[in-house]
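Structure first, commentary second.
The values are calculated or read from the model by the stated rules, or taken from the named source; none is laboratory data. Since this is a predicted model, take the numbers as computed values, not measurements. So basically every Cβ, Gly included, is an ideal-geometry build from the backbone, and we count neighbours across all protein chains shown. Please note that ligands, DNA and RNA were not included when accessible areas were found on the heavy atoms of the full protein model with its side chains. Shrake-Rupley method; radii C 1.70, N 1.55, O 1.52, S 1.80 Å.
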Amino acid sequence: MKKLIVFMFSVVLLGSCDKEIEGCTDINATNYDSEATIDDGSCIILGCTDPNAINYNPDAVEDSGNCLFTLVGSWEGISWIPNGNNIIQDFDEFTVHCYSDSTWISYSLPLNWNGNNYANYKGTYFINNDHTECTFTTTHFNFNDGNGWVDNGPPIRTALYSMELTHSSFYGSLISSTDTALNTLDFSYIRIE
């Protein structure tokens, strides 16, 4: 009888102990284990791992491929191909500066500048939520003829582009435009600041 009591006491005592289970205890991880009681450091957090992105996740250990970048900064044109004709080689300078208030200004300087044959433009831009499309609206121009920036009333041109945007580059193609002379436009820029 004594053996039976010791046996039952042992079963109750040992059976009531919770076993510790190692695994990922972070509910945000892709490999979260709801039964784990001890975190073993194996958690896999997906997210943007590029510190230059606006949605950078410092806790992410694996990149999810959804990093979003800003247009804010200065960009140098690498290609500008309206209607199949790459005109970038005709310029010493072909830059656009995008600001945090969603305004932009472009500067271009032709190779054979004679003091009055170039124009600068400025306007506004809007990027969709997943940063795959951008609308640029041109609102002012400056022909550098002494008259300064001209506000022509209604927007000069509004164009919608598909785009790929990283921290260091920005490129895309025309989807639609209010400029009826513009059938296609492909472009690429690199960040210069």
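A few remarks follow.
- Candidates 40, 33 - the one that is of a type in the set (D, E, K, R) and surrounded by 14 or more Cβ atoms within 10 Å (Cβ to Cβ): 33
- Residue within segment 75-98 that is under 18 Å from the mean Cα position of the chain (by Cα), surrounded by 14 or more Cβ atoms within 10 Å (Cβ to Cβ) and in a loop (DSSP other than H, G, I, E, B) present: no
- Filter result for residue 171 (open to solvent by 80 Å² or more (accessible area, probe 1.4 Å) and of a type in the set (Phe, Trp, Tyr)): yes
- Failed item, numbered, when residue 96 is tested on (1) in contact (Cβ under 8 Å) with a residue 40 or more places away in the chain; (2) touching a Pro at 6+ places or on another chain (Cβ under 8 Å): (2)
- Within segment 127-152, the set of residues being surrounded by fewer than 16 Cβ atoms within 10 Å (Cβ to Cβ), assigned to a strand (DSSP E or B) and within 11 Å of the chain's Cα centre (by Cα) comprises 133 only.
- Where residue 183 falls short, out of the listed (1) at pLDDT 90 or above; (2) surrounded by 13 or more Cβ atoms within 10 Å (Cβ to Cβ): (2)
- Of everything listed in (1) touching a strand residue (DSSP E or B) at 6+ places or on another chain (Cβ under 6 Å); (2) part of a loop (DSSP other than H, G, I, E, B), the single unmet condition for residue 101 is (1).
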